[in-house]
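Enquirer: Below is the structure I would like to discuss, written out as structure tokens.
No lab work stands behind these numbers, since they all come straight from the coordinates. Owing to the predicted nature of the structure, the values given are computational and were not obtained by experimental measurement. Counting neighbours? That spans all protein chains shown, and the Cβs are built from the backbone with ideal geometry, glycine included.
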Amino acid sequence: MIKKRHTLLIIEDNELNRDIIDSILSDEYDLLFANNGLEGMMLLREHANKINVVLLDIQMPVMDGYQVLEEIRNDEKLCKIPVIVTTATDRPDEEEVCLDLGATDFVLKPYNQKVVIKRVRNIIRLKESTTALNEIEVDTETGLLSRNAFLHYSSELLKKNNDTDFSLVMTDIKGFSNLLTKYGDSAINILKNEADAIKSAIPENSIAGRYYHDRFIVLMPSLAGSNTARKELYEDLYEKIRKDVKITLKMGVFENFDHSFDLVSLIEILKDSLKSIKSNYQQNICFVDQEFYNKMERRNYIEQSMESALKERKLEVYFQPKHRASDGKLMGAETLMRWNRSDIGFISPGEFIPIFEQTGFVVEADAFAWDETCRYLRLWIDKGINVVPISVNTSRLDYTIKNFNVRLVRSVREFRIDPTLLHIEVTESLFQGLSQDANRILEICRAHGVKVELDDFGTGYSSLHSLAELPIDIVKFDQSFVRKLDEKREQLVMKGCVDLVKSLDLSTVAEGVETEESRQLIASLGIDEIQGYYFSKPLPAAEFEEYLIKHTC
Ligand code: C2E
Ligand code: CA
Ligand code: CA
């Protein structure tokens with residue numbers, strides 16, 4: 001029988017590394033090569049049905065490996081394709097970060113030929129066996145129920161016992177892919193022993209399954225007793241399950257959940273909770289607590305309703321004024337997003353923006369904020385109101401979209417806005433990793449007259465020396481600076497920073513000024529503008545319109 005050749009996609013910008021991979025793998029596999037993340041995603045989409053494994057470099061220009069991982073994870077069709085991340089750094093948390101982003105395995109450069117071949121083979125085998133296993137009820141390797149069978153029988157059990165409290169328990173063997181590389185097929189025995197131990201340790205009326213790879217899942221009637229007593233019972237269960245002392249086993253427990261919730265979503269919550277102890281050497285058991293549960297519920301809501309919120313205009317832009325520190329003259333404003341009329345009460349941008357960033361939705365949301373800002377400016381200009389420049393926040397992901405500047409220019413043209421009326425806010429993290437792209441895009445914007453503000457200055461990795469090289473016009477001092485100003489020493493530090501920033505011909509804004517006392521202090525330090533509750537909170541468009549009329553006419 002002719003063995004089917006598998007296809008690998010190699011996303012790697014370094015020619016030498018591509019040649020090495022070619023020499024290691026081309027005998028056994030068909031290889032496709034991409035020079036960067038964007039090209040890689042195009043090839044992956046084009047050949048999604050054919051590609052069995054992706055080998056992904058992390059440090060790359062145009063679109064780095066983290067972004068590729070995020071895109072793959074968020075794509076229903078692509079998320080099942082295993083990704084092996086390759087990296088030259090030995091940052092201890094890098095592997096963790098990549099695995100969290102959905103990578104299946106991790107290989108360090110320079111390449112060790114044997115390790116690369118083994119990892120690729122193992123991943124293909126594991127993938128094929130899990131795909132096949134999903135089709136049948138019992139997992140032949142462990143004897144537990146397959147994922148689908150587990151979900152089916154668990155739903156039945158929960159339906160039949162609506163009044164009984166149940167708990168979900170998930171186990172995860174730390175570093176199982178390393179064990180596979182080290183022990184090959186005999187690593188499967190570890191799984192088998194584990195599964196046998198689970199079968200004999202769980203109480204009556206429980207169901208156990210292999211969720212995927214080395215993750216097992218159990219649905220069992222909740223254990224009774226006080227918090228401490230139950231904790232001990234789960235510790236006993238853990239000890240019984242952890243048969244093989246050579247492995248590190250992590251166990252997550254989700255007690256007494258609501259039966260009406262979707263089982264897969266509940267398991268996802270448990271999985272996330274388990275992740276939180278993955279690199280904690282001192283903790284092997286975790287419990288999904290109510291706070292975590294609520295957080296995940298809110299997260300689910302945000303993810304599921306963000307698109308409709310934008311369409312239904314529940315997402316709106318507000319404007320927070322910026323005033324001249326010396327005499328209080330209105331100088332500008334910042335556009336800040338608000339989510340109104342949600343079903344889960346108030347959601348602050350501090351909560352939804354990070355989720356938008358993780359899901360990539362921020363690109364759409366920011367484009368909306370940009371368009372809305374231009375639309376309102378046009379509306380006010382047409383009404384004969386004197387307007388001030390307005391700054392819009394941007395996220396790192398915005399700069400990976402090729403046509404960022406084109407899009408900005410388009411809304412400026414569409415609404416016939418003088419580009420000097422617009423500012424872009426960026427944070428320092430933007431300049432790490434993708435600096436060339438970001439620099440180029442920002443330079444184009446600046447060439448059109450759009451000013452760039454460096455947001456949250458003082459919270460990140462601020463290197464005062466690098467300020468001179470960044471494509472920025474204005475530095476916004478973070479609220480934390482203002483909060484610390486009652487200490488004399490902090491005043492001196494801030495004065496030094498302000499002087500240095502000014503010596504580079506950059507303007508300055510201080511955020512979070514709430515009292516007359518801080519306003520005076522900030523003004524005495526030589527800061528140009530102030531944004532904060534002292535003057536005004538962020539205002540809905542209609543109120544900001546009145547504010548403009550009052551302060552500029
Ligand atoms: P940021 O850009 O640093 O925005 C300033 C935040 O400080 C705003 O919070 C604002 O309401 C708050 N603030 C202003 N003055 C004061 C004050 O005197 N005291 C106190 N305690 N707070 C003050 P907000 O609106 O909750 O936004 C939080 C963050 O969410 C923003 O921080 C920004 O990073 C992000 N964000 C908001 N809208 C957008 C957006 O349209 N796009 C993107 N990418 N991010 C956004
Ligand atoms: Ca900002
Ligand atoms: Ca800020």
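Enquirer: If you place +1 on the Cβ of every Lys and Arg and -1 on the Cβ of every Asp and Glu, how big does the dipole about the Cα centre of region 1-96 come out, in debye to the nearest 20?
Expert: In total the dipole reaches around 660 debye.
Enquirer: Dipole of region 220-259, Cα-centred, from +1 at each Lys and Arg C-beta and -1 at each Asp and Glu C-beta, to the nearest 20 debye?
Expert: Charge dipole, region 220-259, about its Cα centre: 220 debye, nearest 20.
Enquirer: Let me ask you something else. Which listed residue (419, 83, 170) has the Cα farthest towards the positive end of the charge dipole for the chain, taking +1 on Lys and Arg C-beta and -1 on Asp and Glu C-beta about the Cα centre?
Expert: About the Cα centre, the residue reaching furthest to the positive side is 83.
Enquirer: Cα gyration tensor of region 194-305, axes a ≥ b ≥ c as square roots of the eigenvalues: rounded (a/c below 1.5), prolate (a/b > b/c) or oblate?
Expert: prolate
Enquirer: Say the cut-off is 18 Å between C-alpha atoms; which of 240/271; 118/271; 199/243 go over it? Mind showing how you got there, number by number?
Expert: Details: 240/271 21 Å; 118/271 27 Å; 199/243 12 Å.
Beyond 18 Å between Cα atoms: 240/271; 118/271.
Enquirer: Which aspartates and glutamates, if any, have their Cα less than 13 Å from the Cα of residue 250, not counting same-chain residues under 8 positions apart?
Expert: Result set, ordered by chain and number: 172, 194, 214, 235, 239, 272.
Enquirer: Quote the charge dipole size of region 51-173 about the Cα centre in Debye, to the nearest 20; the model charges only the Cβ of Lys and Arg (+1) and of Asp and Glu (-1).
Expert: 560 debye
Enquirer: I would also like to ask the following. Output the peptides 366-375, 413-422 sorted from most to least packed, where packing is the average of other Cβ atoms within 10 Å over each peptide's residues. If you can, show how the numbers build up before the last one.
Expert: Values: 366-375: 20.4, 413-422: 15.3.
Ranking, from highest mean packing down: 366-375, 413-422.
Enquirer: Got a sec? How would 334, 487, 425 order by Cβ neighbour count within 10 Å, fewest to most?
Expert: Listed from fewest to most nearby Cβ atoms, that is 487, 425, 334.
Enquirer: For a label point 7 Å from the Cα of residue 28 along Cα→C-beta, name the residues of region 184-219 whose backbone N is under 17 Å from it.
Expert: Flagged as within label range: 184-187.
Enquirer: Kindly put 251, 296 in sequence by how many other C-beta atoms sit within 10 Å of each C-beta, fewest to most.
Expert: Neighbour counts put them in this order, fewest first: 296, 251.
Enquirer: Then there is this: How do 337-349, 536-548 rank on mean C-beta neighbours within 10 Å, highest first? Don't skip to the end; give the middle numbers.
Expert: Details: 337-349: 13.8, 536-548: 16.2.
Ranking the peptides 337-349, 536-548 by packing returns 536-548, 337-349.
Enquirer: Mean residue ellipticity at 222 nm from the helices of the chain, using -39,500 (n - 2.57) per DSSP H segment of n ≥ 4 over the full residue count, to the nearest 500 deg cm²/dmol?
Expert: Helices in the chain give a 222 nm mean residue ellipticity of -14000 deg cm²/dmol.
Enquirer: Taking 1 over the mean of 1/r across every pair of different Cα atoms in region 67-116, what Kirkwood radius in Å do you get?
Expert: Every distinct Cα pair counted, the radius reaches 11.5 Å.
Enquirer: Want the number for residue 504 to residue 307: 0.36 nm per residue separation, take away the alpha-carbon distance, what's left?
Expert: Full extension of this stretch gives 66.7 nm more.
Enquirer: What are the extents of the Cα atoms of region 469-553 along their three principal axes, listed from largest to smallest and rounded to whole Å?
Expert: Taking the Cα atoms of region 469-553, the three principal extents are 40, 32, 20 Å.
Enquirer: What residue among 536, 521, 457 has its Cα farthest toward the positive end of the dipole of region 442-553, where the charges are +1 on Lys, Arg and -1 on Asp, Glu, each on the Cβ?
Expert: The residue sitting most towards the positive pole is 521.
Enquirer: Let me ask something additional. What residue among 445, 198, 225 has its Cα farthest toward the positive end of the dipole of the chain, where the charges are +1 on Lys, Arg and -1 on Asp, Glu, each on the Cβ?
Expert: Farthest along the dipole direction, towards plus: 198.
Enquirer: Right, next: Only counting other Cβ atoms within 10 Å, I'd like 226, 146, 480, 507 sorted with the fewest neighbours first.
Expert: Result, fewest neighbours first: 226, 480, 507, 146.
Enquirer: For q = 0.19, 0.22, 0.30, 0.34 Å⁻¹, what log10 I(q)/I(0) does region 414-454 give under the Debye formula with an equal point scatterer on each alpha carbon and no solvent?
Expert: With one equal scatterer per Cα and no solvent, log10 I(q)/I(0) is -0.57, -0.71, -1.04, -1.16.
Enquirer: Turning to a different aspect of this structure: Kindly identify region 274-345 as rounded, prolate or oblate by the Cα gyration tensor criterion: order the square roots of the eigenvalues as a ≥ b ≥ c, call it rounded if a/c is under 1.5, otherwise compare a/b with b/c, prolate if a/b is larger, else oblate.
Expert: Oblate, because a/c is 1.5 or more while a/b does not exceed b/c.
Enquirer: Here are some pairs, 127/311; 484/550; 231/295; which of them have Cα atoms lying more than 29 Å apart in this structure?
Expert: Where the Cα-Cα span goes over 29 Å, the pairs concerned are 127/311; 484/550.
Enquirer: At a Cα cut-off below 20 Å, give the lysines reachable from residue 314, other chains included and same-chain residues fewer than 8 away excluded.
Expert: 537
Enquirer: Would you list which lysines come within 17 Å of residue 246, measuring only between C-alpha atoms, while excluding same-chain residues fewer than 8 positions from it?
Expert: Once the sequence-local lysines are set aside, what remains near residue 246 is 174, 182, 192, 278.
Enquirer: Quick one: angle between helix 435-447 and the longest Cα principal axis of the chain, in degrees between 0 and 90, rounded to 10, please.
Expert: For helix 435-447, the angle is close to 30 degrees.
Enquirer: In addition: Output the Cα-based Rg and Dmax of the chain in Å, rounding Rg to one decimal and Dmax to a whole number.
Expert: Values for the chain (Cα only, Rg and Dmax): 27.6, 85 Å.
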